[in-house]
Structure formats: C-alpha cells, structure tokens
Amino acid sequence: MPSANSSGARGPQAILGPENDLTYNDAVKPSIALQNNRELIRQAVARYPVRNARVFGSVIHHCDADGSDLDLLVDPLPGATLFDLGAMQVELETVLGIPVDILTPGDLPKRFREQVIREALPV
C-alpha cells in the first residue's frame, strides 16, 4: 500500500513489532500527521462505507502531544459494519504511524455529542 503524501515524500508508518503488534512513532503529533497526510487520509476513508470524515478532540483544540491519537468522526453509510470501521482504523494507523480512534456520532456520549459534532472539522 503506498504511503506517500501529496509531495511524494514518505510519511511516518507504524511497524509490526515482534508479536505482530503495531508499534507507533511516539515522536509524531497527530496534528502533524494530519497536516502531512490529509489527502492520504481522505483516500483511505473513501475506500470504506462512511462519509463526512471530521477531526475532533485534542488536534482541533491544539493540545495534542507526541504519542496522542488522532480522533476521527465519520458518518456510517447503510450496511457499514464494525469490521469496516476497524479495518479503516488499522489502515490509517499503519499508514500514519500513530494511534487513530474512529467514532460515529452514535458512539459519542450524549452529554457532549452535540458539542463534538459542532466543533469537528473536515479532514
């Protein structure tokens, strides 16, 4: 799977550790991974039955840190399964080299669901 960003440079990638577990690049902030790989993220998301991918959490509040995760909010299309969301998460983590959380609006706790949806920014 190609991992070049729009400039053709290779971005950070997760690698498989001794037990085939993903090993993340803790030196990369999610905001930097997003900035450098935005088009790659859009292309990956487009392969799954979801739409309207948005960023929320620490990245949009400018408080992400090395080793924190990239929070993505997506709207599932009819027929989308947890397997689809899981596969998308694994693909993005592998390509970006950072932890990625993928949630749907229904996954968010009601007490702050509307705020997250309102604040989320398009990928």
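Each value in this text was obtained by applying a stated rule to the coordinates, not by laboratory testing. The shown structure was predicted, so the numbers you read here are calculated from the model rather than taken from an experiment. Because the Cβ atoms are built from the backbone with ideal geometry, glycine has one as well, and the counts that use them run over all protein chains shown.
Just flag the trypsin sites (Lys or Arg not before Pro) in the stretch 23-87 sitting in loop per DSSP whose Cβ has no more than 13 other Cβ atoms within 10 Å. Sites meeting the loop and neighbour criteria: ARG47.
FRET efficiency for the ARG118 to ARG47 pair, using the beta carbon distance and R₀ = 35 Å, is estimated at 0.80.
Starting from 0.36 nm per residue, how many nanometres of slack lie between ALA87 and LEU103 once their C-alpha separation is accounted for? Provide the component values of the computation, followed by the final result.
On the way: separation 16, 0.36 × 16 = 5.76 nm, distance 1.29 nm.
The span from ALA87 to LEU103 would gain 4.5 nm if fully extended.
Note on CYS63 and ARG111: with the Förster distance fixed at 30 Å, the Cβ-Cβ geometry gives a FRET efficiency of about 0.90.
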